[in-house]
């Protein structure tokens, strides 16, 4: 009985080790890129694309509050407020740039030179029920920006987390 228990345990360990090695071998490129801070194939393809394939719309990726905070603090991204001037003046993420969706809709061609071409842009608005940031991000992507994210929690989540906010500035 003791021998049966030991051989079963040995078989389980062997299966786990072989499975782990197979997984690492199968995903070696992905793991190597992640280890070195590189992009995945999907992210590379998205970064290289300046326009959506025929009939297909590029969609910005959502970004969680922790990553927004990290990029905001490190000044690794341009944080863009898609809300109106009134909402922006009442309170916004400290350091954010006002770019109301309505203004972007009126002159989408003017957005091409608004930020550095390789800038990482994070658009936000009034939280999960507000879709202005998603629409603004799509417009920015059509204008040629490839690293565009949407912070879906928006100003309410940021403010409620106790992160830096500012008022005025219009």
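The values are calculated or read from the model by the stated rules, or taken from the named source; none is laboratory data. Since the model is a prediction, treat every value here as computed from it, not as a measurement. Cβ: placed from backbone, ideal geometry, glycine included. Neighbour counts: every protein chain shown.
Quick check on region 111-122. Is at least one of its residues part of a helix (DSSP H, G or I), surrounded by fewer than 18 Cβ atoms within 10 Å (Cβ to Cβ) and either in contact with a strand residue (DSSP E or B) (Cβ under 6 Å, 6 or more places away or on another chain) or free of Cβ contacts under 8 Å to residues at least 40 places away in the same chain (or both)?
yes
If the condition is being surrounded by fewer than 23 Cβ atoms within 10 Å (Cβ to Cβ) and touching a residue at least 60 places away in the same chain (Cβ under 8 Å), then region 123-140 contributes 134, 138. For region 63-86, the criterion of a residue being touching a helix residue (DSSP H, G or I) at 6+ places or on another chain (Cβ under 6 Å), in a loop (DSSP other than H, G, I, E, B) and in the same structural domain as residue 151 (by TED's automatic domain parsing) is satisfied by at least one position.
Working only within region 143-170, note down all residues that are part of a helix (DSSP H, G or I), buried (at least 17 other Cβ atoms within 10 Å of the Cβ) and in contact (Cβ under 8 Å) with a residue 60 or more places away in the chain.
155, 157, 158 - these are the residues of region 143-170 that are part of a helix (DSSP H, G or I), buried (at least 17 other Cβ atoms within 10 Å of the Cβ) and in contact (Cβ under 8 Å) with a residue 60 or more places away in the chain.
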